[in-house]
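> One structure, as structure tokens, below. Some questions next.
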Amino acid sequence: MGRARWGRMMNRACWLLVDLMSHMLDPRERSVVRGDLEEMRATGASALREIVGLVGRRQILAWTDWRPWLAVGTLIVPLGAILNLVSRSWAYTAAIYSWLYVNNWTRAYLESPGSRIELMRRGAECAVAFTTLASWSWTTGFALASLSRRAIWTAGGALSLVLLGTFVAAPEPPDEHTAVFALTFYRVAFPVVLRVAFLVIPSLWGMRAGVRQATLPMGRALVCASVLVVATASTVRGLEMSAVSWLHLRSAWLHLVPAAVMWPACYILFGSIWRLRENRTAAL
Amino acid sequence: MLGEFEYLLITAAASLGDEAYGAAIREAIETATRRRCSTGALYTTLDRLEQKGLVKTWMGEATPERGGRPKRMIRVTAKGSRAAADFYAAVTRVSRGAAWVARGGAA
């Protein structure tokens, strides 16, 4: 009796996984394959094996194209690493100010005009910086999906790993702020929460949008690129300063970092211009 | 020149005629070869054959035994029939004189 119940539970769990994994297939193919499995009266385990096999083959085949490899060379590795390192550095800075204003809160921060202005300035800087980070991440995700739509599950997984991974040159919590980083919350949890919220989630959101529509309408692409240019310009100093931790201060590469984070937005804009030209040519 | 599995798929589809779709072809191949035919191999090969213009596929009707989901119907094109005939002719030529052919076929 116990074994039969266990078998039913396992069967249900396998079908649940089949449901989840079949979302990695094109909607038409998903429907056909689920219909085949139903018609064959497949058990949960065999259905799961079939779906895993099909999804695996589809992903491998997608990598026989050149576009996912271009995405690896231009987006996943270089840009993923830059965003990872920048977000780490900014998360530590945000942790310091959060500790200062949350853990050591006094009414004096609001009563003194100087402190009040300082508090508002720091808050605004953090808001702009993390919104810009989220925008870079969204455009990276969108460009990745647009460039390697068929391989998005593996390419997107790789980007998420690079965004959240730890590298040799990854910035450490600053030594001079031991009071802040002695707390596990500020050393570990706070940066992770910020990086998931402003880096990983926007990139996944961007990928979702990129899978649904490979190019943005011209107007939206223009607005997106313009906003990003302004946002990048307003955070360029912070961006270059965080890059100093892994690039030399006088390195010429330092000035390429802002250009690098802008390139997915340029790609999106170029894609929209290209689409507009194609549509006009087709209409003639 | 077709591959072995491509030949099996085209031949099964041709034999099934108007009833050729994914699950039916899979069953026909498994019965004939007595080997498991995976959904992954079936549909990726089908895509390749369609790209080569050897088969044509379209979405068929949804039936209750499929949970209301459609079938992927398959028809072998004239080019596909020629490719399968060429493959069969090549296998027949190369098999001439082989010990198992002389014995009257494999068990």
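> B:Thr39 versus (1) within 21 Å of A:Ile51 (Cβ to Cβ); (2) among the polar types (S, T, N, Q); (3) surrounded by fewer than 13 Cβ atoms within 10 Å (Cβ to Cβ): which is the lone unmet condition?
Condition (3) is where B:Thr39 drops out.
> Moving to a separate point now. Can you give me the number of residues within region A:233-245 that are crowded, with 19+ Cβ neighbours inside 10 Å and among the β-branched types (Val, Ile, Thr)?
Total meeting the criteria: 1.
> Sort out which residues of region A:167-197 are more than 21 Å from A:Val77 (Cα to Cα), outside any helix (DSSP H, G or I) and among the hydrophobic types (A, V, I, L, M, F, W, C), and write them in order of number.
Passing the criteria: A:Ala182, A:Leu183.
> Just one of the numbered conditions (1) in contact with a Pro (Cβ under 8 Å, 6 or more places away or on another chain); (2) buried (at least 19 other Cβ atoms within 10 Å of the Cβ) is not true of A:Ala221; which one?
(1)
> Could I ask something else about it? Quick one: which of B:Ala62, B:Ala12, B:Ala20, B:Ala24 is among the hydrophobic types (A, V, I, L, M, F, W, C) and away from chain A (no Cβ under 14 Å)?
Matching residue, one of B:Ala62, B:Ala12, B:Ala20, B:Ala24: B:Ala12.
> A further question follows. Looking at A:Gly141, A:Gly157, A:Gly165 in this structure, which one is surrounded by 15 or more Cβ atoms within 10 Å (Cβ to Cβ) and either within 18 Å of A:Ser89 (Cα to Cα) or at pLDDT 90 or above (or both)?
A:Gly141
> Next up: If I ask for residues that are farther than 18 Å from A:Gly80 by Cα and either in contact with a helix residue (DSSP H, G or I) (Cβ under 7 Å, 6 or more places away or on another chain) or not in a helix (DSSP H, G or I) (or both), which ones from region A:198-216 would you list?
Across region A:198-216, the qualifying residues are A:Ala209, A:Val211, A:Gln213, A:Ala214, A:Thr215, A:Leu216.
> Taking B:Leu42 and the conditions (1) in contact (Cβ under 8 Å) with a residue 40 or more places away in the chain; (2) in a helix (DSSP H, G or I); (3) hydrophobic (A, V, I, L, M, F, W, C); (4) within 14 Å of another protein chain (Cβ to nearest Cβ), which numbered condition does it fall short on, given that it satisfies the others?
(1)
> Something else now. Against the condition of a type in the set (D, E, K, R), within 14 Å of chain A (Cβ to nearest Cβ), in a strand (DSSP E or B) and surrounded by 12 or more Cβ atoms within 10 Å (Cβ to Cβ), how does B:Lys56 come out, does it pass?
Spelling it out, it is not the case that B:Lys56 is of a type in the set (D, E, K, R), within 14 Å of chain A (Cβ to nearest Cβ), in a strand (DSSP E or B) and surrounded by 12 or more Cβ atoms within 10 Å (Cβ to Cβ).
> Here's something else I'd like to know. Pick from region A:50-96 the residues that are among the β-branched types (Val, Ile, Thr) and crowded, with 18+ Cβ neighbours inside 10 Å: which of them is nearest to A:Val244 (Cα to Cα)?
Checked region A:50-96; the qualifying residue nearest to A:Val244 (Cα to Cα) is A:Val86.
> Could you figure out which of (1) within 29 Å of the chain's Cα centre (by Cα); (2) under 21 Å from B:Gly68 (Cα atoms) isn't true of A:Gly44?
(1)
> For region B:49-71, how many residues meet the condition of being more than 14 Å from the chain's Cα centre (by Cα) and under 16 Å from B:Ser15 (Cα atoms)?
Number of matching residues: 0.
> Of all residues in region A:34-54, count the ones that are more than 8 Å from chain B (Cβ to nearest Cβ) and β-branched (Val, Ile, Thr).
Qualifying residue count for the region: 2.
> Step by step: first the residues of region A:2-28, then only those that are closer than 26 Å to B:Glu27 by Cβ and free of Cβ contacts under 8 Å to residues at least 12 places away in the same chain, then the one that is farthest from the other protein chains (Cβ to nearest Cβ). Which residue is that?
Restricting to residues being closer than 26 Å to B:Glu27 by Cβ and free of Cβ contacts under 8 Å to residues at least 12 places away in the same chain, the top hit is A:Gly7.
> Let me ask something else about it. When you look at A:Ala134, is it surrounded by 13 or more Cβ atoms within 10 Å (Cβ to Cβ), over 14 Å from the mean Cα position of the chain (by Cα) and at negative phi, yes or no?
no
> If I go through region B:4-39 residue by residue, how many of them are among the charged types (D, E, K, R) and not in a helix (DSSP H, G or I)?
Residues flagged as among the charged types (D, E, K, R) and not in a helix (DSSP H, G or I) within region B:4-39 amount to 3.
> If you don't mind, there's one more thing I want to ask. I'm trying to understand the selection: among the residues of region A:62-83, which are without any contact (Cβ under 8 Å) to a residue 60 or more places away in the chain and either away from every other protein chain (no Cβ under 14 Å) or in a helix (DSSP H, G or I) (or both)?
Scanning region A:62-83 gives A:Trp66, A:Trp69, A:Gly73.
The values are calculated or read from the model by the stated rules, or taken from the named source; none is laboratory data. None of these values were measured; they are calculated from a predicted model. Here the Cβ is made from the backbone with ideal geometry for all residues, glycine too, and neighbour counts use every protein chain on show.
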